[in-house]
1. How large is the charge dipole for the chain, taken about the Cα centre, if only the Cβ atoms of Lys, Arg (+1) and Asp, Glu (-1) carry charge, to the nearest 20 debye?
2. Tell me which chymotrypsin sites (Phe, Trp or Tyr not before Pro) from segment 413-498 have a DSSP coil assignment and no more than 14 other beta carbons within 10 Å of their own.
3. Identify the chymotrypsin sites (Phe, Trp or Tyr not before Pro) of segment 56-143 meeting these criteria: DSSP loop state and at most 12 other C-beta atoms within 10 Å of the C-beta.
4. Structure shown: which of 147/226; 226/417; 210/417; 147/417; 226/424; 209/417 lie over 24 Å apart, alpha-carbon to alpha-carbon?
5. Using alpha carbon centroids, what distance separates segment 302-353 and segment 428-498, in Å?
6. Gap in Å between the Cα centre of segment 163-223 and the Cα centre of segment 43-76?
7. If amide H atoms are built 1.01 Å from N in the plane of the peptide, which residues on other chains or at least 5 residues away come under 5 Å of the amide H of residue 168?
8. From Cα pairs below 8 angstrom and at least 6 apart in sequence, can you work out the relative contact order of segment 247-357, rounded to a whole percent?
Amino acid sequence: MAASFDRRASEPAAPVASPRAAPPAKASHDVAAPPALIAFMLKSWKPRPRRLPAKVAHAAAHHARRRALSAMFPGEVLVIPTGHEKVRANDTHYRFRPGTDFFYLTGNHEPDCVLVMLPKRGGHEDVLLVEPNPGRADKTFFTDRNKGELWVGPRLGVPESRARFGVDRCAAIDELTAILARAKRGGVRALRGLSEKIDDAVPTTKAGKKADQAFAAALSELRLKKDRAELGELSAAIASTHRGFEDVIARMRGARSEREIEGVFALRARVEGNDVGYGTIAASGHHACTLHWTRNDGAIKRGDLLLLDAGVEGNSLYTADITRTLPISGRFTGPQRAVYELVAAAQDAAFREVRPGRDFLAPNRAAMRVLTEGLIELGVLRCSAEEALDDAHQYYKRYTLHNVSHMLGLDVHDCAKARQEAYKFGKLEPGMVLTVEPGLYFQTDDLTVPAALRGIGVRIEDDVVVTKTGMRNLSAAIPRDAADVEAWIARVWRKPRA
Ligand SMILES: [Mn+2]
């Protein structure tokens, strides 16, 4: 029964603070509105028909995910905030992106919201707390620069949010304190770190802290296996990313800077999706040897390679994570091709290890063996493969540094709070989506590397889903083999661009 959590009209209105950050102090260009202006602003607006919006695209999937979470924590109150806009400077904010776990459970993009799941017999009642939309009935529509409709556009509102997200109940965010005050009688778990107000509103004991960490891990692990809706959204993000890579290839011939490459890809990401899923790495020449090169302030030179690690984040917030290493002149040089083909061979070996029941780290082990044997053939490593691969040595890491896989989904490094036994030291299961991304990076000043190879950095990254019998490469349509990449570049350059 949900009785103990039901909202009773007789209860006094809680003196509640909304969980959003305190409004910034007034800037010099803020002018207090005189009463006459307020009175004038509040009248003579055309009445609005308040039609309820349609349900979000994957409402049934969001509902199913909430039921799965409910089953994991019977009898406990669960609090999942989405977080707030983050200040960039003074009164300007970064573009808001919802908290991943909150979004996974609701599909709601608005800031400041909180999902509270209240235990009832047989499960939970899902209560979504949102910022109400008072329309023109309240002066805040023109006085509140943080949430006023004339400043930032309208919020969806309470009844509209209930219709759109298909939750059991929707309430104004100001009711949160009252709901939590009653809820505290039972066990409460909160997803921490997204909202200071929520963190304060749900105080933790020492035992509670552990319970909250386990809750965050459970939320991450819930997302390890993707449902059908998620696989569709990931494929769409990968298709957008494919088009973004072709935009880059078209521009690459005349481009002068890495920043230009970043900008071209970003245009595709904003036109077709929400944003890029992470800072684009547009690394030309030896910049490719810096793994997370996002400064992108270098020049584009013919004869060099361009390592482009980029992903469109769709409006669904699922992101691709793709890397291609492209010869800027259209053709690989001999040494570039040798390194490229070794990395591609390592990726093939990793692909063969992606299947249910294999260790998450099995593809990594396979790729590292191929890279190591190739490094010996290239004259980079001067020892046996066994010696280089020995855990006590790991000499190969000098040239590759990172492992080849991470989970992919709403976050580029998805499910990051999962327990090690469920992820890094766990087994692959059908429905998991991961990257396979071996790389080799020969620093310009590395005296162990033959001079002809110094300054070459190559990474190849695809996004794959584990199937019942093996894997499917979701990004297989993006050319990968050296000859295919050259043909791809030639094809794009021949094509007249709009
Ligand atoms: Mn990646």
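1. Numbers: 74 positive and 62 negative charges, 313 e Å.
Around 1500 debye, computed over the chain.
2. Numbers: sites: 423, 425, 441, 442, 488, 493; in loops: 423, 425, 442.
Of the chymotrypsin sites (Phe, Trp or Tyr not before Pro), the ones in loops of segment 413-498 whose Cβ has at most 14 other Cβ atoms within 10 Å are 425.
3. Values: sites: 94, 96, 102, 103, 104, 141, 142; in loops: 94, 96.
Hits after loop and neighbour filter: 94.
4. Working: 147/226 34 Å; 226/417 16 Å; 210/417 13 Å; 147/417 32 Å; 226/424 17 Å; 209/417 15 Å.
Result: 147/226; 147/417 exceed 24 Å.
5. The distance from the Cα centre of segment 302-353 to that of segment 428-498 comes to 3 Å.
6. 17 Å
7. Placed amide hydrogens put 126 under 5 Å from residue 168.
8. Values: 173 pairs, mean separation 26.0, N = 111.
Reported relative contact order: 23 percent.
Each value in this text was obtained by applying a stated rule to the coordinates, not by laboratory testing. Owing to the predicted nature of the structure, the values given are computational and were not obtained by experimental measurement. Every residue, glycine among them, receives a Cβ derived from its backbone with ideal geometry; neighbour counts consider all protein chains shown.
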